[in-house]
Amino acid sequence: MLKVFLTLLFVVALSFAQLRVVATYPWIGELVKEIGKDRVSVYVIAKGTEDPHFVVPKPSHIARLRDADLLIAQGASLEVGFLPPLLQQSNNPKVQPGREGFLELSEFVQIIQKPASVSRAMGDVHSEGNPHYQLDPHNIPLLAKALKEKLCQLDSKNCTYYRANLEDFLARWEGKLKEWDKGLEKLRGTKIIEYHKLFDYLLARYGIVLVGTLEPLPGIPPTASHINNLVETSKGVRFILQDVYHEKRTARYVAQKLGAKLVVLPHDVGALPEAKDLFSLFDEILRRLQ
Ligand SMILES: [Zn+2]
């Protein structure tokens, strides 16, 4: 009798076992919550306020990776500075690159600004092209679908549930996309400068013109000669787009010199308090660009 009871308990426990997912960035974690809901647990490595290129590795990250069933990374070399050592120390074969428990989302979108040859020459941190593809809201449905496929592959008994969550998410997203498209299309032809090549997918989607960046190269801090040259050669710039994690002094100086408006934009969920989920991330970007 006890044996039957214990077996039953085991079966019940199995059917309620959550898939343990680790995501490198908050926006990925939000997508996992949308599709996986109560059938998954999510742990996010980076904070929304951190520079995504330079996330600080911690022992707690290793512990979570050790127990993970699935690791979801942004890819395109964005995590190259911190994820390989974390993965190695986790000693979890399930989530290593190339294994079933590893998903790299960059494979499902068109990566822009791919260099002819892969190199990190002169410190360029975009050696495999621009990795900040989550900032085109039209990319999110492609990534949601890829995520649902992976969850179904690892946890087939809940596939119908994941598919229903995906359909529900896509319906809500398509509705908001119309609103964002309408608002952001008004910026077509607007000239901007940004600190880092962080918002290029958003700019490309809505025909916003990138005049220059405060960094001379992605990952290289502004220099006096580069900034002077930028100020002298740039005309008709409306916005200086600034991320939340770099110094704002240079952007303030350039904005004042050019008569442009300094706008701090969230690049991820949690970068600013208003960007509390994937939907409000784009709501806030649109609101700040009015
Ligand atoms: Zn970057």
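The values are calculated or read from the model by the stated rules, or taken from the named source; none is laboratory data. Keep in mind it's a predicted model, so treat the numbers as computed, not measured. Heads up, the Cβs are rebuilt from the backbone with ideal geometry, glycines too, and the neighbour counts pull from every protein chain shown. Side chains included, ligands, DNA and RNA excluded: accessible areas come from the protein's heavy atoms. Shrake-Rupley method; radii C 1.70, N 1.55, O 1.52, S 1.80 Å.
For the chain, the mean residue ellipticity at 222 nm estimated from helices alone is -13000 deg cm²/dmol, where every DSSP H run of n ≥ 4 contributes -39500 (n - 2.57) and the total is divided by all residues, rounded to the nearest 500. Shape of segment 17-177 from its Cα gyration tensor (a ≥ b ≥ c, root eigenvalues): rounded if a/c is under 1.5, otherwise prolate when a/b > b/c, or oblate? Since a/c reaches 1.5 but b/c is at least a/b, the shape of segment 17-177 is classed as oblate.
Go through 162-175, 64-77, 255-268 and give me the packing order, highest mean Cβ count within 10 Å leading. Provide the component values of the computation, followed by the final result.
On the way: 162-175: 15.3, 64-77: 21.4, 255-268: 18.4.
Ranked by mean Cβ neighbours within 10 Å, highest first: 64-77, 255-268, 162-175.
Multiply the residue separation of residue 96 and residue 179 by 0.36 nm, subtract the distance between their alpha-carbon atoms, and state the gained length in nm to one decimal.
Values: separation 83, 0.36 × 83 = 29.88 nm, distance 3.91 nm.
Separation in residues times 0.36 nm, less the Cα-Cα distance, equals 26.0 nm.
Of 41, 127, 156, which is the most mobile in a GNM of the chain whose springs link Cα atoms less than 10 angstrom apart? So, out of 41, 127, 156, the one fluctuating most is 156. For residue 33, what accessible surface area do you get with a 1.4 Å probe? Give it in Å², rounded to 10. Its accessible surface works out to 100 Å², give or take rounding. Can you give me the relative contact order of segment 17-177 as a percent, contacts being Cα pairs under 8 Å and 6 or more apart? RCO, segment 17-177: 22 percent. Overall, the chain carries a charge dipole of about 320 debye about its Cα centre when +1 sits on the Cβ of Lys and Arg and -1 on the Cβ of Asp and Glu, all other atoms neutral. Solvent exposure of residue 80, expressed as accessible area, is near 70 Å², computed with a probe of 1.4 Å over the protein chains only. Taking Cα atoms only, the orientation of helix 224-233 departs from the longest principal axis of the chain by about 70 degrees. Is the shape of the chain best called rounded, prolate or oblate, per the rule: a/c under 1.5 gives rounded, else a/b larger than b/c gives prolate, else oblate, with a ≥ b ≥ c the square roots of the Cα gyration tensor eigenvalues? In terms of gyration-tensor shape, prolate.
Here the relative contact order of segment 182-288, from alpha carbon pairs under 8 Å that lie six or more residues apart, stands at 22 percent. Taking label points 7 Å from Cα along the Cα-to-Cβ direction, residue 204 and residue 160 give a separation of 4.0 nm. Only Cα pairs under 8 Å and 6+ residues apart enter the sum, and on that basis the relative contact order of the chain stands at 16 percent.
Here the extension length gained between residue 290 and residue 113 equals 61.0 nm, from 0.36 nm per residue of separation less the Cα-Cα distance. Between residue 225 and residue 274, the C-beta separation translates, for a Förster distance of 35 Å, into a calculated FRET efficiency of about 0.45.
Indicate the gyration tensor shape class of segment 183-245 (rounded, prolate or oblate), computed on the Cα atoms with a ≥ b ≥ c the square roots of the eigenvalues: a/c under 1.5 is rounded; otherwise a/b larger than b/c is prolate and the rest oblate. Oblate.
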